[in-house]
Amino acid sequence: MGKVVEIRWHGRGGQGAKTASLLLADVAFYTGKYIQGFPEYGPERMGAPMTAYNRISDERLTIHSNIYEPDYVVVTDDTLLTSVDVTAGLKEDGAIIINTTKSPEEIRPLLKGYKGKVCTVDAKTISIETLGRYFPNTPMLGAVVKVSQVMDEKEFLEHMEESFRHKFAKKPEVIEGNMKALKRAMQEVKEI
Amino acid sequence: MAIRERMSGNEAVAFAMKQINPDVVAAFPITPSTEIPQYFSTYVSNGEVDTEFIAVESEHSAMSACIGAQAAGGRAMTATSANGLALMWECLYIAACSRLPIVMAVVNRTMSGPLNIHNDHSDSMGARDSGWIQLYSENNQEAYDNMLMAHRIAEHPSVMLPVMVCQDGFITSHAVENIELVEDDKVKAFVGEYNPVHYLLNRDNPISMGPLDHFTHTFEHKRQQAQAMMNAKNVILEVAREFEKLTGRKYGFFEEYRTEDAETVIVVLNSTAGTVKYVVDQMRKEGKKVGLIKPRVYRPFPVDEIASALSRFKAIAVMDKADSFNAAGGPLFTDVTSAMYAKSVFGPKVINYIYGLGGRDVRTDDIELVFNNLLKIVETGEVGSVYNYLGVRE
């Protein structure tokens, strides 16, 4: 059986972590994978912590439970680090990817002794400089693909461009910015 | 050539409804089924279907409008969950006894209270005796496939009963997964036209619907309804055979997974069956003889077939995502054990687990615990507790 890559997203309601997980499922689907993308619905308040999940595999997926031992964790808001146990069950040979202006060295002490790879990306600055607004999910998507290598980078970018062309058919001017956001995040993500 | 897509369970059901293009859809929103009428109303406003969409003010009205439309001679559909289904309560019985082949998507959610939007089967289990055929779906693919087969079953002249197609709220309704869709023209040809023999808007043969029946006729009508439910069994299999020719996907009353030499099996509905398959694969690697029976057709209940299938095993756990509050076991457990008793299947030890109420996540560890308990029963011959709660804090 092929390896299943499991990803857990931590975000705040309204920040687009659910959308990002669905986008990742989409692009992985286009590269021929079996995919699952699903949010864990809570009270659904703006700003409240929320969780979303991805499974990506070369084989058909039948399991229908949440993910307790993820390969990767993505945190779209670093203020969650003090309130949510983001590294719970995270595999040591995996990685955590955090949207923050801080460096991985500054973040590690907040992660309750997690020994695996710690990655950071300043999705806020990237988003504001490329899109003119704060949409952390596009840069975070680039960062997670870069770190996890869950699909070929070139293939990923080609499919994302196609998907943006479809999604923004009426706003083609934002496609370039979104592609830049993805690429910059892939270049700028730092790890220790 | 099948169309490879990815969509959520709700989207899959709405897409099936678009391909079916019914005459009337009447619906009222309730989480987690809301997306179905939401997607469908988009198809209506985009002109992709020519359905009359009725945005009613309650689920009681939704089912009443479906009854009216279907009685008039049209094909009517709706979708609901939990308390929405409960608010349809009296109308469910009227639809079934009036022999109106309405098709409804039920996105399973726990019945209030306590107030909770998440999944269990307490809603559709409450409607199990309403006279509706009930089909259950493990994932988006099965929800879609069951929707495509539903009208063929419901509208068969020897059946003429409404069908509800159930899937797990959020777990599959809101999860995006791979799916294979059937082309529009093939769906159209497979589902076919609805040509009722008797209907209200037939000027050549005017009839009344729902008149006073009393003790002079009600009993006979109920007997005919019971016969229709018995007839449905063959029709369900015939339609499944035809569907297999169309898609290559095989359906029956229940699915057996790795049961050939199994000593212990879990019997469970809907999405948890997928998690059980995963655990079965893992435990098989360790040489444990475990398997799964996943009922698809719960009404009519395939008594003979399920009793015969289960007679081969040594220990069985029936898992219920609803309690009957009879202080003895859940509804699926009661049906399975009574089927076995009625068919003189006394060999296997059978236990019940109530699990996942109110959307409590069902982990692979939970399923392993159940199998390990079954394996212990086989080893020791001691059944222990029959009526159990799985994964609850107490």
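The values are calculated or read from the model by the stated rules, or taken from the named source; none is laboratory data. Since the structure is predicted, the reported quantities are computational estimates derived from the model, not experimental observations. All Cβ positions, glycine included, derive from the backbone under ideal geometry; neighbour counts span all protein chains shown.
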Task: Lone unmet requirement of (1) more than 14 Å from chain B (Cβ to nearest Cβ); (2) assigned to a helix (DSSP H, G or I); (3) in contact with a Phe, Trp or Tyr (Cβ under 7 Å, 6 or more places away or on another chain) for residue A:97 - done: (2)
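Please find, within the range A:113-146, the residue that is nearest to residue A:70 (Cα to Cα) out of those that are among the small types (Gly, Ala, Ser) and surrounded by fewer than 22 Cβ atoms within 10 Å (Cβ to Cβ). Write out each step before concluding.
At the first step, the residues of the range A:113-146 found to be among the small types (Gly, Ala, Ser) are A:113, A:116, A:123, A:127, A:132, A:142-143.
Subsequent filtering for residues that are surrounded by fewer than 22 Cβ atoms within 10 Å (Cβ to Cβ) retains A:113, A:116, A:132.
Numbers: A:113: 17, A:116: 12, A:132: 33 Å.
If we take residues in the range A:113-146 being among the small types (Gly, Ala, Ser) and surrounded by fewer than 22 Cβ atoms within 10 Å (Cβ to Cβ), then A:116 is nearest to residue A:70 (Cα to Cα).
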Task: Residues within the range B:330-382 that are under 20 Å from the mean Cα position of the chain (by Cα), within 14 Å of chain A (Cβ to nearest Cβ) and of a type in the set (A, V, I, L, M, F, W, C), tallied - done: 1
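Quick test for you: out of B:392, B:336, pick the one residue that is surrounded by fewer than 19 Cβ atoms within 10 Å (Cβ to Cβ) and either in a helix (DSSP H, G or I) or free of Cβ contacts under 8 Å to residues at least 60 places away in the same chain (or both). It would help to see each step written out before you state the result.
On the way: B:336 fails: surrounded by fewer than 19 Cβ atoms within 10 Å (Cβ to Cβ).
Every option except B:392 fails the conditions.
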Open item on the list: Of the residues B:254, B:243, only one is at pLDDT 95 or above, farther than 27 Å from residue B:348 by Cβ and crowded, with 17+ Cβ neighbours inside 10 Å; which?
Closed with: B:243
- [ ] Output the residues belonging to the range A:111-134 that are more than 15 Å from the chain's Cα centre (by Cα), among the aliphatic types (A, V, I, L, M) and outside any helix (DSSP H, G or I).
- [x] A:111
- [ ] Would you list the strands (runs of 3 or more DSSP E) that sit entirely within the range A:1-79 and hold 2 or more residues that are at the interface with another protein chain (Cβ under 10 Å from one of its Cβ atoms) and buried (at least 22 other Cβ atoms within 10 Å of the Cβ)?
- [x] A:34-40, A:49-57
Task: Subset of the range B:41-83 (residues that are more than 28 Å from residue B:202 (Cα to Cα) and buried (at least 24 other Cβ atoms within 10 Å of the Cβ)) - done: B:80, B:81, B:82
TODO: Determine if the range A:47-64 includes at least one residue that is at pLDDT below 95, among the hydrophobic types (A, V, I, L, M, F, W, C) and touching a Gly at 6+ places or on another chain (Cβ under 6 Å).
DONE: yes
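Tally the residues that are in contact (Cβ under 8 Å) with a residue 12 or more places away in the chain and closer than 22 Å to residue B:70 by Cα, restricting the search to the range B:108-135.
9
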Open item on the list: Please list, ordered by residue number, the strands (runs of 3 or more DSSP E) wholly in the range B:237-329 having 2 or more residues that are among the hydrophobic types (A, V, I, L, M, F, W, C) and either more than 14 Å from chain A (Cβ to nearest Cβ) or touching a residue at least 60 places away in the same chain (Cβ under 8 Å) (or both).
Closed with: B:264-267, B:290-295, B:315-320
Open item on the list: Checking the structure you have, find out if any residue of the range A:82-89 is at pLDDT below 95, away from chain B (no Cβ under 14 Å), at negative phi and touching a helix residue (DSSP H, G or I) at 6+ places or on another chain (Cβ under 8 Å).
Closed with: yes
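Identify, please: which residue in the range B:1-20 is part of a helix (DSSP H, G or I) and among the hydrophobic types (A, V, I, L, M, F, W, C) and is, among those, nearest to the other protein chains (Cβ to nearest Cβ)?
Taking the range B:1-20 as the starting set, the residues that turn out to be part of a helix (DSSP H, G or I) are B:9-20.
Now drop any that are not among the hydrophobic types (A, V, I, L, M, F, W, C), which leaves B:12-17, B:20.
On the way: B:12: 14, B:13: 16, B:14: 16, B:15: 16, B:16: 20, B:17: 22, B:20: 25 Å.
Here the answer is B:12.
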TODO: Identify, by number, the condition in (1) among the aliphatic types (A, V, I, L, M); (2) over 24 Å from residue A:52 (Cα atoms); (3) at pLDDT 95 or above that residue A:175 doesn't meet.
DONE: (3)
Task: Members of the range B:160-179 found to be within 25 Å of residue B:23 (Cα to Cα) and either within 14 Å of another protein chain (Cβ to nearest Cβ) or surrounded by 24 or more Cβ atoms within 10 Å (Cβ to Cβ) (or both), listed by number - done: B:161, B:162, B:163, B:164, B:165, B:166, B:167, B:173
